[in-house]
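The values are calculated or read from the model by the stated rules, or taken from the named source; none is laboratory data. Keep in mind that what you see is a predicted model, and the values were worked out from it rather than measured. Ideal geometry is used to build each Cβ from the backbone, glycine not excepted, and the neighbour counts take in all protein chains shown. We work out accessible area using only protein heavy atoms, side chains counted, and drop any ligands, DNA or RNA first. Shrake-Rupley method; radii C 1.70, N 1.55, O 1.52, S 1.80 Å.
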Amino acid sequence: TVIEHAPWYHVYAVAAGRAHEQGHTAVIADGQLYTFGYGCYGALGHCATDHVYRPQKVNASWSTVSAVAAGGLHTLVIADGALYAFGNNQDGQLGTGCTDDEVCPRKVGPVPWTKLVTAVAAGMLHSAVISNGKLYTFGNGQDGQLGHGDAESQYAPKLVDGPWTTVTAVAAGDYHTIMIADEQVYTWGLGQYGQLGHGDTRNQLRPRAVASVPWSLPTHIAGGAVHTAVIADERLYTFGNGPYGALGHGAAQHVLVPTRVSEDKWKSVNAIATGGRHTAVIVDVPQQV
């Protein structure tokens, strides 16, 4: 349904929260942030906890918003190259060094990076940030989703160490994390349904490269609640929880390794998004002669 009388002209990006039946939505349009939906804990950033039923501009001290990620009941924003956060903070997922909720956008600091923030991802109760090709995570770590080698929570951003040189993309499932580094896909955290793609259902406490992959160059990643999707070589691969059809393989079984989604009508896959139990793609199709 088209949002009638929307307060913007050009929409740049959209993010949808993860909390079941308590969702919130964030829209970047004309360089500004608009939110609506479930407002508890301050997830909408309007300095209140009321629900909002139409898009409402988030008033903050920034000039231009470039990226947004919506978690369970928290929101992360990149604005003017800095990280802002608001909403639920029960496990430190706002990165503010404490567990106090924030109902207004708060600039995260002090931070362990010196360059601009270029990407953000939000899980149910954890967060991830890329700055200068390095990955930092914080929040709930109970399943290893922070990648620090333990199951501890972190209340402030902490560098994720590993053998890679440059991290170029990050995504989050509910309790697992995915990244592209040096043209390889790494996954860690909850592995209960095979969503890590390692051929088993074990949790991983540190980033582990997905081995024996059927692709050469991954370009996009996305994390559903308990499934994962990768675009590589302009093709779509999925793995993890299958009973709701989120993997697109025509069956309801779990898939433990990356498996190509076969669709003869697709010429190339260009973009991907995942919900809790569904997947959506933008594709090119061959022109009809």
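A few notes on this one:
- Computed from phi, the 3J(HN,Hα) profile of region 127-138 under the Karplus parametrisation 6.51, -1.76, 1.60 (θ = phi - 60°) reads 9, 9, 9, 10, 9, 6, x, 10, 10, 10, 10, 6 Hz, with x in place of Gly and Pro.
- Shown here for region 1-109: GluC sites (Glu not before Pro) in loop regions (DSSP other than H, G, I, E, B) with at most 14 other Cβ atoms within 10 Å, namely GLU4, GLU21.
- Under conditions of 20 °C and 1.002 mPa s, the chain yields 113 µm² s⁻¹ as its translational diffusion coefficient, taking Rh as the Kirkwood radius over Cα pairs in the Stokes-Einstein equation.
- When the solvent-accessible area of the chain is split by element, carbon and sulfur atoms take up 48 percent of it, the probe being 1.4 Å.
- Per-residue packing, averaged as other Cβ atoms within 10 Å, sorts the ranges 57-70, 31-44, 247-260, 214-227 into the order 31-44, 214-227, 57-70, 247-260, beginning with the highest.
- A straight chain from LEU217 to ALA13 at 0.36 nm per residue would run longer than the Cα-Cα distance by 71.0 nm.
- For a label point 7 Å along the Cα-to-beta-carbon line of THR166, residues of region 209-228 with backbone N under 17 Å: 217-220
- Orphan Cys of the chain, criterion: no other Cys C-beta under 4.7 Å: CYS40, CYS98
- Compared with the rule-of-thumb size 2.2 N^0.38 Å for a compact globular protein, region 68-209 has a Cα radius of gyration ratio of 0.95.
- Per residue accessible area in Å² of the chain, where ligands, DNA and RNA are left out and the probe is 1.4 Å: 46
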